[in-house]
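Contents: one structure, followed by commentary.
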Amino acid sequence: MSSVIADPELEGLLAGLHARSDEQVAAIRSYMAERAGRAHPAAEDELKAFRRDKLVALDRDKAEFCYQLCCANDARRIVEAGTSWGVSTLYLAAAVRDNVRATGGSGTVIGTEHEPEKARIARAHFEQAGLSGFIDLREGDLRETLKQIDGPVDLMLVDIWIPMARPALELVTPHLKPGAIVLCDNTAMFRKEYADYFAFLDANGFRTMTLPFDGGLELSVRPRPISRPSISPA
């Protein structure tokens, strides 16, 4: 299948990573089904431990959609909450690179990853793709690593352990440009679990809709301020 990314070497790398991710989906679904059927469900720490070494990439169609959005709005500063092995990061960085090539200037993707081994693997993929110069991967707890953002953010991708989705958005929201886009994965599949995230969107005036990708993909826009014309007295 052809890609929206006109970079054969990068496309080859991404195809291999998506194939590896797909191989692990069955094992993950089997584990989740077994976990759900237990009389006493395991704690979240067990789930985190199980997923620690898993390559769970954003679905290819969602990732390509992200790339297209970034190109369409000439995104130059992007924040990704949940880098994992860096698959979706490569799409975002490719968009920034292509925007810079088209109109000049600079740009970066700020990535976040808690697990050191995943961060190491992601950096290797960035180097292989020749995109390291467009990525600032911050390793550690995002509640610390996202405290410093130097400039307005055009787009944010949230693809992380659900309890961390709202804290990530809370940190980035003050830096979002009016009209900036926030994407969040699997919001239809885990609607109840994302209740806190949706409460934040609503409280802060985001305009949001759930796109019909597998599992749902939330597209939220930070509204632009409405300028009301002044009325002179008669």
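The values are calculated or read from the model by the stated rules, or taken from the named source; none is laboratory data. Small disclaimer: the values here were computed from a predicted structure and weren't measured. Cβ: placed from backbone, ideal geometry, glycine included. Neighbour counts: every protein chain shown. Accessible surface is based on the protein model in full, side chains and every heavy atom, while ligands, DNA and RNA are left aside. Shrake-Rupley method; radii C 1.70, N 1.55, O 1.52, S 1.80 Å.
Annotations for the structure displayed:
- Within a Gaussian network of the chain (alpha carbon springs, distance under 10 Å), most fluctuating of Arg77, Arg38, Arg224: Arg38
- Zero-based 5 Å bins, Cα pair distances in the chain, whole percents: 1, 6, 14, 18, 20, 17, 11, 6, 3, 2, 1, 1, 0, 0, 0
- Share, in percent, of DSSP beta bridges within segment 127-234 that are antiparallel, nearest 5: 65
- Rolling a 1.4 angstrom probe over the protein heavy atoms with all chains in place gives segment 96-170 an accessible area of 46 Å² per residue.
- Computed over protein heavy atoms with a 1.4 Å probe, the carbon and sulfur contribution to the accessible area of the chain reaches 54%.
- Formal net charge of residues neighbouring Pro178 (Cβ-Cβ distance under 13 Å; K, R +1; D, E -1): +3
- Where both bridge residues fall in the chain, DSSP classifies roughly 35% of the beta bridges as antiparallel.
- Vicinal HN-Hα couplings computed from phi for segment 17-30 (Karplus, 6.51 cos²θ - 1.76 cosθ + 1.60; Hz; Gly/Pro x): 5, 5, 4, 5, 5, 4, 5, 8, 4, 4, 5, 5, 5, 4
- Taking Thr108, Thr210, Thr83 in turn, the Gaussian network model of the chain (Cα-Cα springs below 10 Å) assigns the largest fluctuation to Thr210.
- Label sites at Glu170 and Met209, each approximated as a point 7 angstrom past Cα along Cα to Cβ, lie 3.0 nm apart.
- Placing unit charges on the Cβ atoms of the charged side chains and taking the dipole of the chain about its Cα centre, the candidate lying farthest along the positive direction among Gly12, Ala203, Val56 is Ala203.
- Taking Pro152, Pro212, Pro167 as the candidate residues, the one with maximal mean-square fluctuation in a Gaussian network model of the chain, Cα springs under 10 Å, is Pro212.
- Cα gyration tensor of segment 92-181 - equivalent ellipsoid semi-axes, whole Å, descending: 21, 19, 10
- The chain, helix-only ellipticity at 222 nm - DSSP H runs n ≥ 4, -39,500 (n - 2.57), divided by all residues, nearest 500: -13500 deg cm²/dmol
- The charge dipole of the chain, taken about the Cα centre with unit charges on the Cβ atoms of Lys, Arg (+1) and Asp, Glu (-1), comes to about 620 debye, rounded to the nearest 20.
- Taking other residues whose beta carbon is less than 13 angstrom from the beta carbon of Pro212, and scoring Lys, Arg as +1 and Asp, Glu as -1, yields -3.
- Note on segment 130-183: percent of Cα-Cα distances in each 10 Å bin, starting at 0 and stopping at the bin with the largest distance, equals 21, 55, 23, 1.
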